[in-house]
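Report on the structure given below.
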Amino acid sequence: MNEAYVLDQNYTQLNFAESPLQIGEYENCTFQNCNFEYVDLSQFKFTNCEFTDCNLSMTKLSGAAFRDVFFKDCKMFGMHFDDCNEFGMSFKFEGCALNNSVFYKTSIKRTLFKNCKLIEVDFAEADLSNSVFSNCDFNGATFERTNLEKTDFRTSFNYTINPDSNKLKKTKFSLSEIHGLLRQLDIEIDKNN
């Protein structure tokens, strides 16, 4: 089967669940208001691409490659980034809802997550060192044996991170959310004193 090589294309308001995108490599392409829900993106390669206002929920990502990809205002529920091709994997997220997605054992250093919902996301054993989480909601997210060295959580909230089971060297937190590091100790912190 021939794989496509597509350069500098703009895709707008397309439903790839009904008419699938041709498998291949997409470079410097933009996808705006497109629906990928439940689409099989296995073995696809996206380089220098931008996804804006797209629904990528529940896509299959076995061997998919994301290199310098920007996701803006996308719905991305239940995505398994742990199935992706890790070679050169890099992306940034702004205004995205990644609820129930999985980054288990992925190496995504220096990743920017801005204004994202990361509810019940699995970050176990991931390398998130030097990443920035700007104004992100981590309600129910899992951090276990995660490398969070030099990661910035100062403007984020609702996280529960056990300092004993994660690498936290030079990690930045705000004082107002410090209870997220102490939750498992079952102690009470009076915010008024």
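The values are calculated or read from the model by the stated rules, or taken from the named source; none is laboratory data. This is a predicted model, so every value here is computed, not measured. Using ideal geometry, Cβ is built from the backbone for each residue, glycine included, and neighbour counts are taken over all protein chains shown. Just so you know, the surface numbers come from the protein's heavy atoms only, side chains and all, with ligands and any DNA or RNA stripped out. Shrake-Rupley method; radii C 1.70, N 1.55, O 1.52, S 1.80 Å.
Heavy-atom surface analysis with a 1.4 Å probe gives the chain a carbon and sulfur content of 44 percent of its accessible area. Taken about its Cα centre, the chain carries a charge dipole of about 660 debye when Lys and Arg each add +1 at the Cβ and Asp and Glu each add -1 at the Cβ.
Peptides 96-103, 7-14 ranked from most to least packed give 96-103, 7-14, packing being the mean of other C-beta atoms within 10 angstrom over each peptide's residues. One entry in [x] 63, 28, 23; [y] 47, 42, 32; [z] 75, 41, 29 is Cα extents along the principal axes in Å calculated from the shown coordinates; its label is [x].
Counting only protein heavy atoms and a 1.4 Å probe, the chain has 52 square angstrom of accessible area per residue. Are any of the pairs K45/K167; K114/K169; K75/K167; K45/K170; K72/K105; K105/K169 more than 26 Å apart by Cα-Cα distance, and if so, which? Check vs 26 Å cut-off fails for K45/K167; K75/K167; K45/K170.
Figure note: Y5, Y26 ranked by solvent-accessible area, largest first, 1.4 Å probe, ligands and nucleic acids not counted: Y5, Y26.
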